[in-house]
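Engineer: First, the structure itself, so that you have it in front of you.
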Amino acid sequence: MQHPPEVLDLAMLSLENITHPTLAIVCKMRFRKITTSLLLLFISTPLGLTSEIAQAQVVVPTETPPSPTTPVAPANTTSFCPAQLTSAIDAVVNRTQFTRARWGILIQPLGSNQTLYNRDSKKFFTPASVTKVLTTAAALQALGSSYRFRTTVYGNAENMRVVGGGDPSLTNAQLQALAKQLKQRGIQSIKTLNADEGLIQGDIVHPTWQWEDIYSDYGAPISSFMVNENTFGIKLSPQAVGRNVAIAWNDANEARLWQVINQSTTVANNQPNTINITRELSGRVLRIQGNLAANADPMNVALPVVDPGFYFLRRFRTALAGEKISLDKTALVTGGKNESQLASVQSPPLSELIATVNLDSNNLYAESLLRALGTRQARKPQQTTADAGLELLKTTLTQLGVDATSYIINDGSGLSRRNLISPEALVQTLRGIARSPGNSVYRASLPVGGKTGTLKFRFRNTPAEGIVQAKTGTMTGVVSLAGYVNPPNYEPIVFSVIVNQTSLPASTVRQAIDEVVIMLAQLRRC
C-alpha cells in the first residue's frame with residue numbers, strides 16, 4: 001500500500017501507499033492496463049497560502065519505470081551457515097549510512113521456534129503497508145476464502161432500495177449487470193431509488209490519516225458503496241503548440257460537478273512536462289497549470305470522489321439509462337426493510353481480494369476487508385464498523401498465536417502513522433497463518449521476488465528470485481518487508497525487517513534489506 005514513498009523508486013512506488021511528512025506528497029502511482037503512461041500525483045500547500053488550499057502536482061515519469069538496483073551476494077560467497085548469519089547481517093545494519101536509522105529484524109525457521117537473527121524484534125515500529133499482513137491474515141481466517149461482498153436491489157419500481165455491501169471491487173460493469181437484471185424483470189422506469197449506506201458506519205476516511213492522503217487516489221474514501229475504487233479520472237492530451245492542454249473526462253457526470261480552470265500550455269516536442277493540478281480542500285475547483293510537450297503521451301489522472309453514495313447513484317443512473325430504464329428521484333438512506341429481491345451482484349471470492357491487497361498493496365481493498373470483519377459482530381454504541389473490525393482482527397490473530405500486546409493498529413491498510421507493529425507480531429502472524437487451512441491461499445496472495453506484485457522488480461538475477469514471498473511497506477522514513485523464504489538447501493524461513501527513522505532514499509534502504517534476504521536464500525545446513 002503505499003504512499004509517498006520516494007520519487008526515485010518509480011517501479012516500486014507505483015504499487016504502494018505512501019505518505020510524506022512535509023507539505024508535498026507523492027500520490028500512489030498505478031500501472032493501468034488501459035493507459036500508456038504512469039501518474040505521479042502531488043498534493044501540497046504553497047507557502048504563504050492558507051491550509052484550506054491543497055495542490056496536486058502531476059509529474060510525468062518515464063513510460064517504463066526503471067527497475068531498482070538489486071544487490072548481489074559477494075563474489076566469494078555462495079552460501080551461508082546459520083552461524084555466519086549474525087555477523088553477516090550486522091555488517092549490513094551497522095554501516096555508517098544507517099547510523100541514525102532504527103532496525104527491527106526477526107528471522108526464524110518456519111518449522112521451529114529457533115531464532116536465527118533478532119534485533120529489537122519486540123519493539124514497536126511504524127510498519128507502513130506490512131500492516132496488510134495482519135489484516136489479510138485475520139480476514140482469511142475469520143471470513144474464509146470463499147467470502148464475497150454482495151450488492152443487492154430490493155423493492156419495486158415505485159420504491160426501490162439498493163443495499164451497499166462495502167464491495168471494493170464494484171465497477172461500472174457490475175452496475176450494468178444490476179441494470180440488466182432489472183430490465184429482465186420488466187422494469188422500465190423507477191420512481192424512487194434509495195441507496196442504503198447503513199452497513200458501514202463511521203468516517204469514510206480514517207481520522208488519523210494525513211490530509212494529503214485523503215486527497216490522493218490511494219486514500220479514496222471507504223463506505224458501503226465503492227464504484228471504480230471511488231475514483232474518477234481525467235485525461236490530459238497535448239494540442240498544437242501554444243494551445244491549452246486538452247481535458248477529457250472519463251465520466252461526463254463528474255465533469256458537470258467540477259469547475260476547471262485550465263492554464264496549461266502545449267509546448268514544443270521533447271520539452272519538459274511540468275503539469276500541475278491544483279484541487280481545493282473544500283469545494284470542486286480543479287486548476288490545471290504547467291506545460292505538456294506536443295509529442296508527449298496522454299496523461300491519465302485519477303482523483304478520489306468526495307461523495308461515495310451520490311457517486312454510486314450517478315453511476316447507477318447511467319447504467320440504468322443504458323438499459324433504457326428511466327429514473328426519477330434518488331436519495332441516500334440508512335437502513336430499511338429488505339422486501340422482495342430484484343437483483344444482486346457479488347465480488348470475487350476473498351481468495352482473489354486478498355491477492356489484490358497484498359500483490360498490489362491496495363489500500364481500499366484492505367480497509368474494506370477490515371470493515372467486513374466489523375460487520376461480523378455486534379457493534380458497541382457509537383462504535384464505528386472499522387473499530388469493530390479491529391476488535392475481531394485482534395481476537396482472530398490471538399487465536400493464530402499472535403501476542404495481542406505486540407502490535408497496535410488503527411487501520412487496515414497501514415496509511416495511519418499511529419500504527420505500531422513489532423517484527424515479532426509479523427513473524428507470529430506469518431507462522432500462524434502457515435499452520436492454518438488457508439495457508440496455500442495466503443501464500444499465493446504474496447508478491448514473489450522478481451516475479452509478481454510489488455516485488456516484481458526486486459531480487460531479479462539473484463539467488464532469492466522466485467523463492468521469496470513477502471509483503472512490502474514504504475512510507476517516508478519507513479521501509480519494511482515481511483514474509484517467507486524457501487532456500488533450496490535449508491528449511492523454509494519466516495522473516496520480518498522494518499527500518500524506521502531514516503532520511504535515506506527508500507531505494508538505498510530497500511537494497512540493504514534485499515541483501516539480508518538474499519543471505520537467507522543462500523542458507524544451508526552446516
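The values are calculated or read from the model by the stated rules, or taken from the named source; none is laboratory data. Note that the structure is predicted; figures quoted are calculated from it, not measured. So basically every Cβ, Gly included, is an ideal-geometry build from the backbone, and we count neighbours across all protein chains shown. Just the protein is used for accessible areas: all its heavy atoms, side chains included, with ligands, DNA and RNA removed. Shrake-Rupley method; radii C 1.70, N 1.55, O 1.52, S 1.80 Å.
Engineer: What is the calculated FRET efficiency for S440 to D203, with r their C-beta to C-beta distance and R₀ = 51 Å, to the nearest 0.05?
Structural biologist: Efficiency, rounded to the nearest 0.05: 0.90.
Engineer: Which value in nm describes the separation of the simple spin-label points at Q114 and T99, placed 7 Å from the Cα toward the beta carbon?
Structural biologist: In this crude label model, Q114 to T99 measures out at 3.7 nm.
Engineer: Taking the range 156-202 on its own, what percent of its Cα-Cα pair distances exceed 17 Å?
Structural biologist: Counting pairs separated by more than 17 Å, the tail of P(r) holds 42 percent.
Engineer: How high is the FRET efficiency between K337 and R256 when r is their beta carbon distance and R₀ equals 25 Å, given to the nearest 0.05?
Structural biologist: Result of the calculation: an efficiency of 0.15.
Engineer: I would also like to ask the following. Report D for the range 113-163 in µm² per second (integer): Stokes-Einstein, Kirkwood Rh on Cα pairs, 4 °C, 1.567 mPa s.
Structural biologist: For these conditions, the coefficient is 82 µm²/s.
Engineer: Of the listed peptides 89-95, 449-455, 408-414, 117-123, what is their order by residue-averaged count of other C-beta atoms within 10 Å, with the highest listed first?
Structural biologist: The peptides rank, most packed first, as 408-414, 449-455, 117-123, 89-95.
Engineer: Once you wrap a convex hull around the alpha carbon atoms of the range 417-468, what is its projected area averaged over all directions, in nm²?
Structural biologist: The Cα convex hull of the range 417-468, projected and averaged over all directions, gives 4.8 nm².
Engineer: At what distance in angstrom do the alpha carbon centres of the range 408-456 and the range 174-195 lie from each other?
Structural biologist: Each part reduced to its Cα centre gives a spacing of 40 Å.
Engineer: Subtract the Cα-Cα distance of W249 and R284 from 0.36 nm times their separation in residues, and report this length gain in nm to one decimal.
Structural biologist: So the chain would gain 11.1 nm between W249 and R284.
Engineer: Quantify, in whole percent, the carbon and sulfur part of the accessible surface of the range 426-470 (1.4 Å probe; protein heavy atoms only).
Structural biologist: Roughly 49 percent of what the probe reaches on the range 426-470 is carbon or sulfur.
Engineer: Could you tell me the distance between the Cα centroids of the range 217-273 and the range 474-510, to the nearest Å?
Structural biologist: About 36 Å separates the Cα centre of the range 217-273 from the one of the range 474-510.
Engineer: With r as the distance between the Cβ atoms of W211 and E391 and R0 = 25 Å, compute the FRET efficiency 1/(1 + (r/R0)^6) and round to 0.05.
Structural biologist: 0.35
Engineer: Near the amide H of A343, under 5 Å away, which other amide H atoms are found, from residues 5 or more places off or on another chain, if H is placed in the peptide plane?
Structural biologist: Correct list: V153.
Engineer: Report the far tail of the P(r) of the range 454-526, meaning the percent of Cα-Cα pairs longer than 13 Å.
Structural biologist: Looking at the range 454-526, the distances longer than 13 Å represent 63 percent of pairs.
Engineer: Under the 0.36 nm per residue contour assumption, what length would be gained going from the current alpha-carbon distance of R524 and Q346 to full extension?
Structural biologist: 59.4 nm
Engineer: Which far-off residues, 5 or more places away or on another chain, put their amide H under 5 Å from the one on I288, with H placed in the peptide plane?
Structural biologist: I261, N262, Q263, T278
Engineer: Among 128-139, 210-221, what's the highest-first ranking by average C-beta atoms within 10 angstrom per residue?
Structural biologist: Highest-to-lowest ranking by the protection proxy: 128-139, 210-221.
Engineer: Just grab the label-to-label distance for K191 and A83, each label 7 Å out from Cα along the Cβ direction, in nm (one decimal).
Structural biologist: 8.6 nm
Engineer: Explain nothing, just compute: Karplus ³J(HN,Hα) = 6.51 cos²θ - 1.76 cosθ + 1.60, θ = phi - 60°, for every residue of the range 198-209 in order, whole Hz, x for Gly and Pro.
Structural biologist: x, 5, 9, 10, x, 4, 7, 10, 5, x, 9, 6
Engineer: Write down the accessible area per residue of the range 155-302 in Å², having rolled a 1.4 Å probe over the full set of protein chains.
Structural biologist: Accessible area per residue: 40 Å².
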